[in-house]
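What follows is a single structure, written as structure tokens, with notes after it.
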Amino acid sequence: MSHERLLVVEDEAHLSEVISDNLRLEGWRVDVVADGATALEAIRASRPDLVLLDVMLPRMDGFAVCDALRKEGNDVPILFLTARASSDDRVRGLALGGDDYLSKPFELKELILRVRAILRRTEWFRSPSPAGETLTLGKASVDFRTNRAQVGERNYELSPKETMILRCLAERPGEVVSRAEILDRVWGYDAFPTSRTVDNFIVRLRRILEADPREPRYIHTVRGSGYRLTP
Amino acid sequence: MKSLHRPLQVYIVIVVLYAALMGWWVTFLTNEGTWLVRDMQRAGAALTAEQAATLELVTARTGKMFLAESTFLGLLMLGSVWLVLRALRRETLLAQQQRNFLSAVTHELRSPIASAKLYIESLQLGRVEPAKTERYLRHAHEDLQRLAHIVEDMLVSRRLQDARVEVRPEVLELRSLLEPQLERLRERHGPRGARIELLAGEAVTALADASSIDTIVDNLVSNGVKYGGEHAHVELILRAAGDRAVLQVRDHGKGLAGADRRRIFEAFVRGGDESVRTQQGVGLGLYIVRELVAAQGGRITAEDAPGGGAVFEVSLPLARHEGAARSEDNAATNGDGAR
């Protein structure tokens, strides 16, 4: 039995009942709240392992809850469950820092698979890395536990996604890691539609870690296949 | 709305430029006389007293004329700006209403579909303890009923908009009509702690359409339960007043809370922002009620009740023995009028 704790934020009583019953059946511990403001308080008081967050909620909508959490540096995984299904809403949810997005009505099996996928990703991320807890690239050193990078005298705050990408590469030094693999391990199977996203993150990582981002010494692009880290 | 921003900016720039041009033009013309006199004096030409007086008179007169013209044009321009802004505000409100409507309908249709689907899938996959099976089936059934209700409301309001609803008023004793219906409503809302009471004295015989009354009472009582807070208490008060049968439906919730008394009866109007919605519904219930009341020659009002809560008052023509025929005529004309 796993002991992950999930928080279901849903104001429709029937939906929250049937969703939480099914998640409990999978062995997770499940709490339920029915409005955005209470959800925010509950998450601040005790961080769950995953939040299943409805968008249209009384008192404070789901996007606002997600935004507030991310702004205060809380990176609790969030799966949006919503009746709004336009691609604008989907993009907005993910841009605000949601981890995945599921539109109602959805299949029970799909819900469970997605919850499992997010939990697996965060568990991989929280468990000690086989590559060690720190990565040293010349003058730069990155701490995987605190998401911080130190380059000479300067300190940088990395986002969890940036740290995860670095970990992906660091766990297989000298090998090519494909964009698809990075997408799968960091974002989940289809949360983000494009592998361009990975490229954008790599650009920022190079700016922090490389002495000359245009002539990278550590993070190499392997044309047509992916990225390679050479410490 | 974004598509309107650019033309509006261009319009404002044109108005400002035009106003500046007009200001310059007025100043130029009103000062022209003065400059002319000054130039002549500089050139050493002396004006006779008579010439000077005439010049002053002419200058003053043209000055006044220009001022009047420019004031008139200026007011015209301000008027046009006001008209444009008003149209824009209406457009914004309409767009907001449309977004609210789409948002509400999407949410109202997808939520019960989602939960009914999950209840049934759980049962199909054998993921439900036997003790919960009955509850799951009941909840899935309620979801489908909620869906059916929304679809029905949308179809009825569509028909009302096209004036295709048939209303056949007949002589009805309202109290005996209401009692069995309230029993059904108690069965529906009772399990959630709602109390529904009928306070009626003597028999009230009105000229009304039975199935419309059914819909009206259903919607008003459900509305009262919905907005009546926890353990809602909804009272129906039936009496005769003058030549009207009056039915009041009162709840003990938060009242109308400043909501526009006429707008709440419009189709798809729901209070507040849909993304932080607190109540189910698409905003058709009260619209349907108002239209059905009107089709029977009746009137409806909404007020804050003394002591808290909201009270909806429906009045219908009373079917008196001596006045029955006359009322019937009235009702028929009103009915036609609504169509």
- Could you work out, for chain B, what percent of all Cα-Cα pairs fall into each 20 Å distance bin, beginning at 0 Å and stopping at the bin that holds the largest distance? 22, 37, 20, 13, 7, 1
- Amide proton proximity set for A:LEU81, modelled H, under 5 Å, gap of 5+: A:LEU53, A:ASP54, A:VAL55, A:LEU102
- Note on the structure: A correct fewest-to-most ranking of A:MET164, B:MET77, B:MET65 by other Cβ atoms within 10 Å would be B:MET65, B:MET77, A:MET164
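Please rank B:ILE237, B:ILE288, B:ILE196, fewest neighbouring Cβ atoms within 10 Å first, as an exposure proxy.
Neighbour counts put them in this order, fewest first: B:ILE237, B:ILE196, B:ILE288.
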- Span from the region A:71-119 Cα centroid across to the region B:68-83 one, whole angstrom: 54 Å
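What net charge is computed for the residues neighbouring B:GLY224, neighbours being all others with C-beta under 10 Å from the C-beta of B:GLY224, Lys and Arg scored +1, Asp and Glu -1? Mind dumping the intermediate values first?
Working: positive: B:LYS226, B:ARG250; negative: B:GLU235, B:ASP251.
Net charge in that neighbourhood comes out at 0.
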- Task: Evaluate the distance, in nm, between pseudo-label points positioned 7 Å from the Cα of A:SER141 and of A:ARG44 along their respective Cα→Cβ axes.
- Result: 3.6 nm
- Item | Gyration tensor (alpha-carbon) shape descriptor, the protein assembly as shown, a/c threshold 1.5 | oblate
- Message: Which residue, A:LEU52, A:LEU6, A:VAL142, has the largest displacement toward the positive end of the dipole of the protein assembly as shown when charges sit on each Cβ (Lys, Arg +1; Asp, Glu -1)?
- Response: A:VAL142
- Item | Rounded to 10°, Cα long-axis angle of helix A:62-71 versus longest principal axis of chain A | 40 degrees
- How far is helix B:210-227 tilted, in degrees, relative to the longest principal axis of the Cα atoms in chain B, given as a value from 0 to 90 rounded to the nearest 10? 80 degrees
- When the Karplus curve 6.51 cos²θ - 1.76 cosθ + 1.60 is applied with θ = phi - 60°, which whole-Hz ³J(HN,Hα) does each residue of region A:29-39 get, with x for Gly and Pro? 8, 10, 10, 10, 10, 10, 8, x, 5, 5, 4
- Hey, what's the Cα Rg ratio for region A:1-129 versus the globular rule of thumb, 2.2 N^0.38 Å? 0.97
- Query: Near the amide H of A:ARG148, under 5 Å away, which other amide H atoms are found, from residues 5 or more places off or on another chain, if H is placed in the peptide plane?
  - Reply: A:ASP143, A:LEU158
- Compare the Cα positions of B:LEU220, B:ALA240, B:HIS252 along the charge dipole of region B:198-263 (+1 at Cβ of Lys, Arg; -1 at Cβ of Asp, Glu; about the Cα centre) and return the one farthest towards the positive end. B:HIS252
- Note on the structure: Once phi for every residue in region A:15-22 is put through the Karplus expression 6.51 cos²θ - 1.76 cosθ + 1.60 (θ = phi - 60°), the whole-Hz ³J(HN,Hα) values, with Gly and Pro written as x, are 4, 5, 5, 6, 5, 5, 4, 5
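Within 10 Å of each residue's Cβ, count the other Cβ atoms and sort B:LYS132, A:LYS109, A:LYS104 from fewest upward.
Listing B:LYS132, A:LYS109, A:LYS104 from fewest to most nearby Cβ atoms yields A:LYS109, B:LYS132, A:LYS104.
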- Item | Magnitude of the charge dipole, chain A, Cβ model with Lys/Arg +1 and Asp/Glu -1, debye to 20 | 1000 debye
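Apply the a/c threshold of 1.5 to the C-alpha gyration tensor of region B:133-190 and tell me whether it is rounded, prolate or oblate.
Because a/c hits 1.5 or more and a/b fails to exceed b/c, region B:133-190 counts as oblate.
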- Message: List the residues, sorted by chain then number, that are 5 or more residues from B:LEU284 or on another chain and whose placed amide H is less than 5 Å from its amide H.
- Response: B:PHE268
- Item | Pairwise centroid distance, computed over Cα atoms, of region B:100-148 with region B:186-204, Å | 28 Å
- Bridge orientation stat for chain B from DSSP, antiparallel percent rounded to 5, came to 80 percent
- Message: Averaging the inverse of every distinct alpha carbon separation and then flipping it gives the Kirkwood radius. What is it for region A:76-118, in angstrom units?
- Response: 10.6 Å
- Message: Translational diffusion coefficient of chain A at 10 °C, 1.306 mPa s, Stokes-Einstein with Kirkwood Rh over Cα pairs, in µm²/s as a whole number.
- Response: 85 µm²/s
- Counted charge near B:ARG135, where neighbours are those whose Cβ lies closer than 12 Å (Asp, Glu -1; Lys, Arg +1): -3
- Task: Report the chymotrypsin sites (Phe, Trp or Tyr not before Pro) located in region A:127-231 that are in a DSSP loop and have at most 13 other Cβ atoms inside 10 Å of their Cβ, or state none.
- Result: A:TYR189
- Query: Once you list every other residue whose beta carbon is under 15 Å from the beta carbon of A:ARG47, what net charge do they have if Lys and Arg are +1 and Asp and Glu are -1?
  - Reply: -3
- Message: What do you get for the angle between helix B:2-42 and the principal long axis of chain B? Use alpha-carbon atoms, 0 to 90 degrees, nearest ten.
- Response: 20 degrees
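Any read-out appearing in this document is the output of simple, stated calculations on the displayed coordinates, not a laboratory observation. Note that this is a predicted model, so its numbers are computed, not measured. No Cβ is skipped: glycine too gets one built from the backbone with ideal geometry, and neighbour counts run over all protein chains shown.
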